[in-house]
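The values are calculated or read from the model by the stated rules, or taken from the named source; none is laboratory data. Model, not experiment: these values are computed from the prediction. A quick note on method: Cβ atoms are made from the backbone with ideal geometry, for glycine too, and the neighbour counts reach across all protein chains shown. Accessible surface areas use protein heavy atoms only, side chains included; no ligands, DNA or RNA. Shrake-Rupley method; radii C 1.70, N 1.55, O 1.52, S 1.80 Å.
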Amino acid sequence: MTQHLIWTAGLVGHLVLIAILVARGWVRRFPFFTLLIAFDVVRALALALVLGHLSRPELLLAGRAFDTADLLLEFAVLAELVLTALWPLGKLRRILWPLLLLACGVLIVSRVAPLGHYNHGLAELLLHFLLGVLFTEWAIVLAVMLRPLGLRWRAGVAAISFGYGLYTAVLIFAGGYFRLGRDLSDYVFFSYLRIAVYLLVVLWWIVTLWSGERAAAGT
């Protein structure tokens, strides 16, 4: 029962968010973010209606395809947010800031999860971890640079960035990627905590993107 409620809440939240992105004109400013939310809807429906009827090899292939698409879209969303927020800066700083963020993220990942300890099969896990670090870094940098960039914390790019920053920070600092040594109760607690935070983030996006300025009026 709980799992059905969570699935329904996530699906409804994503559908409402897509409707707001379209109705308020945000889809033109954040096409990759909109595409990622639409992809999440398709994946949720596929998991519920189709994947259960596949054989194990087909299921593994479908899971790999979904995970790869998710990674590519999330990296695209991160690039979209960074470039949108940094647009008021000069061309050189628009190039240097993303490179600096990427370099710091790779350094953190290489120190926390040395690449020599992982084989090719765990490459996606490392990429997810890197993505989480980059989103968290970006949210912190954006919070510091809001005034120089002429942004408010409820501006579209800031609202989306801070939502991702909060969610990925929870994943990282709650041990979402490295559960060695944890017992089952810790795993269950973290799973529900992660879900609860993400649903709150979706609600935050819905409220801020609906009540804030239209995309044509602000970033």
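All but one of (1) in a helix (DSSP H, G or I); (2) closer than 29 Å to Thr208 by Cβ; (3) of a type outside the set (Gly, Ala, Ser); (4) open to solvent by less than 80 Å² (accessible area, probe 1.4 Å) hold for Val106; which doesn't?
Going through the list (1) in a helix (DSSP H, G or I); (2) closer than 29 Å to Thr208 by Cβ; (3) of a type outside the set (Gly, Ala, Ser); (4) open to solvent by less than 80 Å² (accessible area, probe 1.4 Å), Val106 breaks only (2).
Determine, yes or no, whether Phe162 is surrounded by 21 or more Cβ atoms within 10 Å (Cβ to Cβ), at negative phi and modelled with pLDDT under 90. I'd like the intermediate steps shown before the answer.
On the way: surrounded by 21 or more Cβ atoms within 10 Å (Cβ to Cβ): yes; at negative phi: yes; modelled with pLDDT under 90: no.
No.
Please find, among Ala44, Ala38, the residue that is within 30 Å of Leu11 (Cα to Cα), of a type outside the set (Ser, Thr, Tyr) and modelled with pLDDT under 90.
Ala44
With respect to Leu11, determine if the residue is of a type in the set (A, V, I, L, M) and open to solvent by 60 Å² or more (accessible area, probe 1.4 Å).
no
Do any residues in region 96-109 that are at pLDDT below 95 have Cβ atoms under 7 Å from those of residues that are part of a helix (DSSP H, G or I) and surrounded by fewer than 18 Cβ atoms within 10 Å (Cβ to Cβ), where the two are at least six apart or on different chains, and which pairs are they?
If the second residue must be part of a helix (DSSP H, G or I) and surrounded by fewer than 18 Cβ atoms within 10 Å (Cβ to Cβ), the pairs left are Val109/Leu126.
Restricting to region 18-34, what's the tally of residues that are surrounded by 15 or more Cβ atoms within 10 Å (Cβ to Cβ) and either among the acidic types (Asp, Glu) or in a helix (DSSP H, G or I) (or both)?
Counting residues in region 18-34 that are surrounded by 15 or more Cβ atoms within 10 Å (Cβ to Cβ) and either among the acidic types (Asp, Glu) or in a helix (DSSP H, G or I) (or both) gives 9.
Regarding Ile37, is this residue of a type in the set (A, V, I, L, M, F, W, C), more than 18 Å from Ser161 (Cβ to Cβ) and part of a helix (DSSP H, G or I)?
Numbers: of a type in the set (A, V, I, L, M, F, W, C): yes; more than 18 Å from Ser161 (Cβ to Cβ): no; part of a helix (DSSP H, G or I): yes.
For Ile37, the condition - of a type in the set (A, V, I, L, M, F, W, C), more than 18 Å from Ser161 (Cβ to Cβ) and part of a helix (DSSP H, G or I) - is not met.
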